[in-house]
Amino acid sequence: MAIQQAMGLAVLLMCLQSGALSQSAEATRASSTSAGAGSAAGLSIVRETDPERPFSVVGPRGALLGQQDGRFEAWLFPWKIFSNLRISARMQDYAVPIDVNAHAAEIEVHPDETTIVYSHANFTIRQIMLAPKNGDPGVLVLYQIDAIRPMTLTFSFDPIMEHMWPAASDDHTSPEWVADGSGSGFYILHLNFPDHAAGLAMPGAEQGILPPYQERAAAWPLQFVLHYDPKRDRGRAFPLLITIAESAQAAAKPALAAKLADLKAAVASTIEQNRDYYRQLLDSSARLESPDDHLDAAFQWAIVAMDQLRVKTTPDLQQQALTAGFIGSGDAARPGFGWFFGRDALWSLYAIDSYGGFAIAREELDFLASHQSVEGKIMHERSQTAGLVDWAALPYQFASADATPLFLMASNDYLSVSGDAAFISHLWPNLERAWQFETSHDSDGDGIYDNSQGTGWVESWVPRMPHQEIYLAALDQQASTAMARLARATQHADVASQAEARAQRLAPVIEKEYYLPAQKNYAFSHNADGSTDETATIFPSVAWWDGTFALSNSDPMFRRWASSEFSTDWGTRILSDRTSFYDPISYHQGTVWPLYTGWVSLAEYRAGHPLAGYLHLMQNANLTWAQDLGDVTELLSGEYFQMLGRSTAHQLWSSAMVISPILRGMFGLEWNAATQTLTVDPHLPAEWPGASLHHIPLAMAFADLKMERRGAVLVVRCTSGCPGVHIGSHAAGASLRSDELDIPLPAVEAGLQEPLPLFGSMTQQMKVLDEERTAHSLKLSLAAPGGSRESMDVRVNAVRGNVSVSGGDLAMGGSDLGTLSIQFPPGDGYVEKEVTLTWK
């Protein structure tokens with residue numbers, strides 16, 4: 001720990017309660033040995049700051065969104081309160097004014113708080129930021145200061161008081177300083193109408209610039225001016241308090257003063273409550289314990305990142321729903337995708353179900369049901385200020401067609417994992433209306449739900465918008481299977497039979513309309529006149545999402561997805577880089593989305609391509625540390641490893657695509673709560689001796705699974721929560737004996753590790769195009785830059801004698817693990833090579 005980090009949560013709480021604290025050796029030791037210095041379950045990321053990278057601190061009632069130089073904007077939903085908070089300092093007997101933000105040195109991210117550490121030879125300042133899960137206050141900032149000599153700190157910010165887009169806002173706010181008689185006070189940010197105002201206070205600070213009415217109009221920042229004396233103030237924490245008033249009575253000066261005083265009195269308890277919330281969240285959620293600590297942490301960060309995006313719906317604040325993601329809004333009034341999105345949430349519920357977030361899933365499905373159209377369509381998006389405008393007159397709420405089938409699919413997934421048939425019965429009228437909408441909107445008569453009721457996926461396309469995307473067709477087929485299961489669980493046998501018949505009918509129609517024999521690929525879309533758009537994309541991968549459907553002629557397509565044609569070293573592109581309109585920085589024509597990488601990874605695992613699936617899984621997991629620390633970004637360039645400037649850095653479904661490929665892909669988990677059956681089909685990396693899964697949900701219980709290699713067998717045992725849980729596997733030759741499930745392992749396994757490249761890099765890592773097995777051989781189809789030398793891990797499980805290699809060199813160590821070296825022939829760009837391992 002750096003010395004400034006030693007002033008951790010334990011010490012901070014003490015100083016808040018006592019008002020001062022000497023930095024004794026005992027206090028320093030106590031704080032540095034506390035669990036994560038205040039972090040939840042010890043989960044933390046500590047890095048040197050990168051001023052160009054964002055951070056986000058988001059909770060149910062507010063957000064602090066900024067850059068790692070410490071500047072930030074503050075939101076109390078749905079209001080943007082201020083922007084561009086920055087700090088300057090003047091030291092006693094030190095003539096040079098100091099831009100404190102230029103000295104941002106370290107960022108510490110914990111689930112419950114984020115801290116920017118400013119380091120100067122004369123001082124250390126810690127800017128500790130929280131978004132309390134109890135919702136009050138919406139956001140909280142504390143400043144811990146230590147300095148050699150007295151100094152004056154000026155905290156400047158631009159007052160905004162603007163509604164989140166698209167609600168109308170006043171022309172500008174009129175700030176007022178309210179003195180408290182002690183030299184300090186607070187600001188009120190007034191609007192022309194008296195029923196809304198914000199209150200801001202920094203106890204102990206004076207006002208700064210506040211031009212009088214008669215001064216010429218100009219834009220000035222507001223300022224808190226704090227005089228710090230180390231003899232008097234060392235060890236104190238100075239809170240920045242922010243509150244919002246939503247009525248004329250609450251906006252009165254006495255009411256705002258009282259509210260700010262209450263917030264100040266509750267600072268210590270707010271910090272403790274936030275810490276306890278995230279500890280409980282992680283303690284009550286699924287957890288991965290593997291030889292890869294990095295992957296284990298990415299799994300937990302994904303849970304935290306998604307949970308942080310639950311925002312209280314306005315105006316009643318009685319419900320929370322999932323927003324799509326956040327990044328600073330700059331000079332606009334929309335902080336990234338800080339709205340409620342239907343399909344974003346529904347794709348993410350699979351991960352939430354997987355880690356056991358049943359209450360979140362129920363609340364989200366209820367929220368979407370409450371905004372369902374009369375005809376049955378599920379919403380696409382809803383602003384936090386939708387209730388303040390004529391939202392129905394705007395084109396956003398039902399802009400997409402895919403949320404409706406996804407609603408059925410996600411509801412069935414919730415039922416499969418939780419077994420909560422009572423909730424599905426409660427939701428049945430909404431499910432039935434969604435089903436009727438989906439099955440009655442087929443404009444060309446081929447029996448498949450199409451884009452006539454909104455976009456399937458793409459919102460722009462060359463040369464024209466699609467009529468029916470394979471993406472939407474594959475969802476329709478899986479939604480039909482889901483509806484059959486939902487109907488049977490709620491005793492609607494007639495609907496179940498209709499849905500089953502529809503699912504069976506759609507599968508061959510999709511093959512007929514979309515498969516392109518000459519290209520050995522599946523078309524992007526099918527037109528009303530029977531023609532197809534033959535653009536090669538990753539969208540067919542969604543056919544494997546629910547595990548109930550698959551495309552029949554897919555191997556050549558998987559080979560292409562794994563190649564550099566689609567796969568960068570940081571994820572999969574939306575389409576082939578050989579497409580005439582490929583554009584690596586276009587939203588829909590060439591970028592890399594972690595969402596797509598997750599779709600492809602899960603499909604690869606389910607279709608028998610685990611090496612490519614693992615590479616894609618790890619690309620998403622590693623992005624946890626790439627931008628907004630702890631979160632996974634929305635989209636990246638298709639050509640260079642770099643996020644797009646407008647990429648939403650804290651993106652819901654991107655974090656979800658860390659969890660789903662791990663649990664449903666690598667470990668092959670399938671749930672059947674009705675029969676209390678948990679199916680496992682693990683594909684552990686070759687270098688792993690085993691792994692454990694903790695707190696895996698099944699119905700209303702939770703089970704722990706331990707997996708370990710024993711020679712040629714992977715042994716799976718339920719070690720906790722086992723009574724009533726049945727473990728099974730689809731793996732060939734799997735057998736259950738006593739309390740252990742034995743899954744035969746391949747005689748020889750291969751694996752590889754590829755970290756994210758340096759920013760600005762182009763794709764150059766080795767790709768695993770295909771893997772073919774027989775009883776005595778493993779053939780790997782590989783691709784890498786011409787002339788490069790690459791290596792892979794090899795594990796030998798059950799072989800008599802030596803393993804022979806064609807196309808590479810194998811060096812075995814003193815154990816069952818070895819290294820396979822491959823020299824690729826010279827050539828421009830990527831060249832392919834086959835390596836075959838054979839044994840007796």
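For segment 370-392, a tally of residues being farther than 13 Å from Met164 by Cα, under 23 Å from the mean Cα position of the chain (by Cα) and open to solvent by 10 Å² or more (accessible area, probe 1.4 Å) returns 1. Per the conditions (1) in contact (Cβ under 8 Å) with a residue 60 or more places away in the chain; (2) open to solvent by 60 Å² or more (accessible area, probe 1.4 Å); (3) of a type outside the set (Asp, Glu), the sole criterion not satisfied by Ala783 is (2). Restricting attention to segment 271-301, the residues that are assigned to a helix (DSSP H, G or I) and either out of contact with any helix residue (DSSP H, G or I) (no Cβ under 8 Å at 6 or more places or on another chain) or hydroxyl-bearing (Ser, Thr, Tyr) (or both) total 8. Applying the condition of being open to solvent by less than 80 Å² (accessible area, probe 1.4 Å) and not aliphatic (A, V, I, L, M) to segment 165-180 and asking which residue is nearest to Pro335 (Cα to Cα) yields Pro166.
So, Glu832, is that one touching a residue at least 24 places away in the same chain (Cβ under 8 Å), under 35 Å from the mean Cα position of the chain (by Cα) and either surrounded by fewer than 18 Cβ atoms within 10 Å (Cβ to Cβ) or in a loop (DSSP other than H, G, I, E, B) (or both) or not? Outline the logic, then answer.
Details: touching a residue at least 24 places away in the same chain (Cβ under 8 Å): yes; under 35 Å from the mean Cα position of the chain (by Cα): yes; either surrounded by fewer than 18 Cβ atoms within 10 Å (Cβ to Cβ) or in a loop (DSSP other than H, G, I, E, B) (or both): yes.
Here the answer is yes, as Glu832 does meet what is asked.
Report, by residue number, each residue of segment 547-566 that is in contact with a strand residue (DSSP E or B) (Cβ under 6 Å, 6 or more places away or on another chain) and outside any loop (DSSP other than H, G, I, E, B). Selection gives Met557, Arg559, Ala562. Could you tell me whether any residue of segment 752-761 is of a type in the set (Asp, Glu), surrounded by 13 or more Cβ atoms within 10 Å (Cβ to Cβ) and under 30 Å from the mean Cα position of the chain (by Cα)? The answer is yes, given that some residue of segment 752-761 is of a type in the set (Asp, Glu), surrounded by 13 or more Cβ atoms within 10 Å (Cβ to Cβ) and under 30 Å from the mean Cα position of the chain (by Cα).
Figure legend. Inter-residue proximity from segment 735-753: first residues touching a residue at least 60 places away in the same chain (Cβ under 8 Å) and under 30 Å from Asp809 (Cβ atoms), second residues open to solvent by 40 Å² or more (accessible area, probe 1.4 Å) and aliphatic (A, V, I, L, M), beta-carbon distance below 8 Å, spacing 6+ or different chains. Indicated pairs: Ala747/Ala775; Ala747/Ala798.
If only residues of segment 727-751 that are among the polar types (S, T, N, Q) and touching a strand residue (DSSP E or B) at 6+ places or on another chain (Cβ under 9 Å) are counted, the one that is surrounded by the most Cβ atoms within 10 Å (Cβ to Cβ) is Ser729.
Of the listed requirements (1) under 23 Å from Pro689 (Cα atoms); (2) open to solvent by 30 Å² or more (accessible area, probe 1.4 Å); (3) among the polar types (S, T, N, Q), Gln823 misses just one: (1).
For segment 393-439, the set of residues classified as in a helix (DSSP H, G or I), among the hydroxyl-bearing types (Ser, Thr, Tyr) and open to solvent by 10 Å² or more (accessible area, probe 1.4 Å) consists of Ser416, Ser425, Thr439, listed by residue number.
Among the numbered conditions (1) open to solvent by 30 Å² or more (accessible area, probe 1.4 Å); (2) free of Cβ contacts under 8 Å to residues at least 40 places away in the same chain; (3) small (Gly, Ala, Ser); (4) touching a strand residue (DSSP E or B) at 6+ places or on another chain (Cβ under 8 Å), the only one that Gly801 does not meet is (4). Within segment 443-472, the set of residues being touching a helix residue (DSSP H, G or I) at 6+ places or on another chain (Cβ under 8 Å), open to solvent by 10 Å² or more (accessible area, probe 1.4 Å) and of a type in the set (Asp, Glu) comprises just one member, Asp446. Counting the residues of segment 575-609 that are open to solvent by 30 Å² or more (accessible area, probe 1.4 Å) and assigned to a helix (DSSP H, G or I) gives 1.
Residue selection: Arg86 satisfies the criterion of being basic (Lys, Arg), in a strand (DSSP E or B) and open to solvent by 50 Å² or more (accessible area, probe 1.4 Å).
The values are calculated or read from the model by the stated rules, or taken from the named source; none is laboratory data. Worth saying up front: this structure is predicted, and the values here are computed from it rather than measured. A quick note on method: Cβ atoms are made from the backbone with ideal geometry, for glycine too, and the neighbour counts reach across all protein chains shown. Just so you know, the surface numbers come from the protein's heavy atoms only, side chains and all, with ligands and any DNA or RNA stripped out. Shrake-Rupley method; radii C 1.70, N 1.55, O 1.52, S 1.80 Å.
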